[in-house]
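What follows is one structure encoded as structure tokens, with my remarks underneath.
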């Protein structure tokens, strides 16, 4: 099965996928920028809340109703007059209240004020809420009553039937009570009651309190309206249920608070028109502003969160109406692709605080403790991110409320999207250009490499014989350098093949003489085994065998040395000690030759193996001794050259052949012309010496002396 190969073009195309990191980095940068924009928006919103709060500081008239001074808000007793968008039609039907059903409060057993019998839920319970429109307060009651009893015709008493009580304190601080006791369903007005008399004593008709009573299958519905000028902030509503038509005694009294005494009244919070006038202009500030009291109940509101986008949105300069080809391509292809990652700000989202009469949040809680704070939250449908900032309102050093300013991050998200669109367009162009360039470069490189491959293959035949040359590239890049290296290697291989071809004749020459000696000696012994001089034949055969053994040892010496180098560990040794020992040894074994050691660096040290270094000196000195003219000394010098440690060994004698300086360092290369049968020369000495010098991180060179009187071997090492 053929292995699938990946070419350079494919690899470069794969590696070019790392360019995708660029849009990711751009995306991260824009996200970081969005973070800083959000921080800026947060600081701006806190500044807006502080500015609005400054306009409300130390203005007690805005918080002079009694509800503002409550220590806590009692649900069901302390009421909130919700802002109503349109005036309620008093028809006894709840169609006008449909949008506010979630704001209605259920009243049951826990709201009983009086009872003369065991409470039954089906006998009496009701839903109730109050609302404010213009200068009127509206109230609705959806009452469940299993037996509705109306006031008898021509009856003077109004408490022997089902009726509704209203108790309030007016703007002058007077306690007023009213009762609604109709003869039957229809339009109703209230009776003013004598607040000094016990029980229900009507004084006259109060036409300012108007309403409609309509009977239902489960009870009745009562809608009321009266002017806001009739009350300050204290109010109570109570429903009296009479079930027995005979004794007509009240079975239950249930309500928001006990209407009998002024001390037990609840409160009603009506959004402040004065505060609303102050913050009315803020609806143009691209934010929604709330003012809440210290119980987090809304006193005023301005602006619409749907339009509060924070940073002003700008339109992209490239739109679908543009006729340019890139504009059309961007609109139909790029933007749909981008917005698989990006998110557009929604045109609308669910606003859970649209009709809120009380706010919640840690930012408001902290503001009511006197510390400004901010809060990030998601809309209920998770489509919008809303930022709110709260700042306390101080009156005489006390916190009487807080200003809450809200904005969405739609503007920031739009700016982020526009920035990413432009950035992605630029990055896409750069990536396309980069990939195309890489593809062209890869194609050019692969073409040149294939050409070099073809040239290399054509230079060698199927049997491995070199039959040609590689065309050298003139290019200065790596491929040109590689072609020149291939040509150099091919030249070396040509020389080496030539050497191998001639090695047979060299080995034949070296082996022929000892083999002939052994054969002739053995032949003589076989002819005349009892000859007197047979010991001479045996001795000559042993000499031949010894010479053969030396030849084999010399051939395997380089291999053994390589193994020794691999096993050898580096150690620091003093160079002078090794040189001195080798020179003295050669002086003893070659008394006819003078060795002169000149060391200018007595404390020089090397890292390596002193034994291998001594073996290298032995090879070089042996060479110098063999070629040195009689009567002339061999000079060994240690000195510093080009900030490196240098050792030179020179001798007078025959010069090196031309162009043989580097070849002498190769294996089995020799320039000896000796035909001495007692010795063999395979040309391994300098090869082994060079190998040891390289092990010691040095370089060995051999050349003729400048005055052409002999030969010098120079070794250069890095200083320790």
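Of the listed requirements (1) under 25 Å from the mean Cα position of the chain (by Cα); (2) in a loop (DSSP other than H, G, I, E, B); (3) modelled with pLDDT of 85 or more, residue 377 misses just one: (2). In summary, residue 149 fulfils each of the numbered conditions (1) touching a residue at least 60 places away in the same chain (Cβ under 8 Å); (2) out of contact with any strand residue (DSSP E or B) (no Cβ under 8 Å at 6 or more places or on another chain); (3) farther than 21 Å from residue 256 by Cα with the single exception of condition (2). Among the residues examined, residue 356 does not qualify as under 25 Å from residue 21 (Cα atoms), outside the structural domain of residue 479 (by TED's automatic domain parsing) and modelled with pLDDT under 85. Residues in the range 388-408 that are surrounded by fewer than 24 Cβ atoms within 10 Å (Cβ to Cβ) and touching a residue at least 60 places away in the same chain (Cβ under 8 Å): 394, 395, 396, 399, 400. Residue-level check: of (1) surrounded by fewer than 19 Cβ atoms within 10 Å (Cβ to Cβ); (2) closer than 23 Å to residue 302 by Cα, residue 131 misses just (1).
Each residue in the range 598-638 was checked for being touching a helix residue (DSSP H, G or I) at 6+ places or on another chain (Cβ under 8 Å), within 28 Å of residue 568 (Cα to Cα) and not in a loop (DSSP other than H, G, I, E, B), and 19 of them qualify. Can we say residue 371 is modelled with pLDDT of 85 or more, surrounded by 12 or more Cβ atoms within 10 Å (Cβ to Cβ) and part of a loop (DSSP other than H, G, I, E, B)? So residue 371 passes the test.
For the range 689-717, filtered to residues that are assigned to a strand (DSSP E or B) and free of Cβ contacts under 8 Å to residues at least 60 places away in the same chain, the residue that is farthest from the chain's Cα centre (by Cα) is 704.
Residues that are surrounded by 16 or more Cβ atoms within 10 Å (Cβ to Cβ), modelled with pLDDT under 80 and in a helix (DSSP H, G or I) do occur in the range 439-452, at least one of them. Quick one: would you say residue 106 is within 17 Å of residue 76 (Cα to Cα), under 55 Å from the mean Cα position of the chain (by Cα), part of a strand (DSSP E or B) and outside the structural domain of residue 300 (by TED's automatic domain parsing)? The answer is yes for residue 106. Candidates 27, 36: the one that is assigned by TED's automatic domain parsing to the domain that holds residue 280, at pLDDT below 75 and part of a helix (DSSP H, G or I) is 27. Of the residues making up the range 77-104, just one is touching a helix residue (DSSP H, G or I) at 6+ places or on another chain (Cβ under 6 Å) and modelled with pLDDT under 90, namely 82. All of 483, 521 fail the test of being touching a helix residue (DSSP H, G or I) at 6+ places or on another chain (Cβ under 6 Å), surrounded by 14 or more Cβ atoms within 10 Å (Cβ to Cβ) and at pLDDT 75 or above, apart from 483. Do we have any residue at all in the range 544-567 that's at pLDDT 80 or above and closer than 30 Å to residue 635 by Cα? Scanning the range 544-567, I find no residue that is at pLDDT 80 or above and closer than 30 Å to residue 635 by Cα, so the answer is no. Across the range 113-136, the number of residues qualifying as in contact with a helix residue (DSSP H, G or I) (Cβ under 6 Å, 6 or more places away or on another chain) and within 23 Å of residue 218 (Cβ to Cβ) comes to 2.
Taking residue 172, is it more than 60 Å from the chain's Cα centre (by Cα), under 15 Å from residue 234 (Cα atoms) and in a loop (DSSP other than H, G, I, E, B)? Considered against the rule, which asks whether it is more than 60 Å from the chain's Cα centre (by Cα), under 15 Å from residue 234 (Cα atoms) and in a loop (DSSP other than H, G, I, E, B), residue 172 comes out as yes.
Restricting 114, 195 to those that are assigned by TED's automatic domain parsing to the domain that holds residue 76, in contact with a strand residue (DSSP E or B) (Cβ under 9 Å, 6 or more places away or on another chain) and modelled with pLDDT of 90 or more reduces the list to 114.
The values are calculated or read from the model by the stated rules, or taken from the named source; none is laboratory data. Keep in mind that this is a model prediction, so the values were computed, not measured. Here Cβ is always computed from backbone atoms with ideal geometry, including for glycine, and neighbour counts include all displayed protein chains.
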